[in-house]
Amino acid sequence: MINKTADLYYLCAGPSAWGLDVGIFKKLAGHVFGIMNDKLIVWPKKLSSRNCNPKNIHTLKASAKNRDVVIIDRIKSETPKVNIGGHVNRSGENYLIGMTPHYKYPQFPDMTHIYKTHPHKTSKTVHTVGPKRYKKAELNSKIIWSEGIGLVAPVFHYFGYNIKGFGVNSASSLKQYFC
């Protein structure tokens, strides 16, 4: 049985991109819910504003009843995994534009302190480029490229989620996280 009040794990790229075998038990609001090692994992059918918009994320929040989310994103970095403490959105998209206010939430939400970081762990800022540009991004020793966290984290933050960001550059790094 899944503890619905435990952390929600959100994959910016679906399990097939990681080679993970996740049991699917529900589809809702442009997303898929799965279970792996007693952890609730959710991912968008496709990383897009159609699936990851305020209306759909609000529906997920009502269904999962979580206030904590661990957003896991693919990165291109010399470091195999990073704690994400900030992002620069270089994708040219923002999944909140034109979709706020939503219910009684503000039109212009405060975007400071999106990520909850551990005070004794190093965190990094990633540069989100979106799915298409991520495929073409080349390894750079000074920049950590990310696929989607800079697109979805603001939407989760809009609804008051406590967000932990985590980036990994290989399937084996992600598998270690879930085992």
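All of the numbers you see were taken from the coordinates with simple rules; none came from a lab. Quick caveat: nothing in here was measured; it's all calculated off a predicted structure. Cβ coordinates were reconstructed from backbone atoms using ideal geometry, including for glycine residues, and neighbour counts include every protein chain displayed.
Summary of values
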{"read-out": "HN-Hα J in Hz across the stretch 24-41 - Karplus 6.51, -1.76, 1.60, θ = phi - 60°, x for Gly and Pro", "value": "7, 10, 6, 10, 7, 6, x, 10, 10, 9, x, 10, 8, 6, 6, 10, 7, 10"}
{"read-out": "Beta bridges per DSSP with both ends in the chain, % antiparallel, nearest 5", "value": "45 percent"}
{"read-out": "Spin-label proximity, Glu93 to the stretch 38-76 - amide N less than 19 Å from point 7 Å beyond Cα toward beta carbon", "value": "42-60, 71-76"}
{"read-out": "Whole-angstrom gap from the stretch 105-159 to the stretch 27-61, using each part's C-alpha centre", "value": "18 Å"}
{"read-out": "Approximate spin-label separation Ser48-His120, in nm, with each point projected 7 Å along Cα-to-Cβ", "value": "4.5 nm"}
{"read-out": "Shape of the chain, Cα gyration tensor, a/c cut at 1.5", "value": "rounded"}
{"read-out": "Peptide ranges 101-114, 83-96, 146-159 listed from the most packed, as the mean C-beta count within 10 angstrom indicates", "value": "146-159, 83-96, 101-114"}
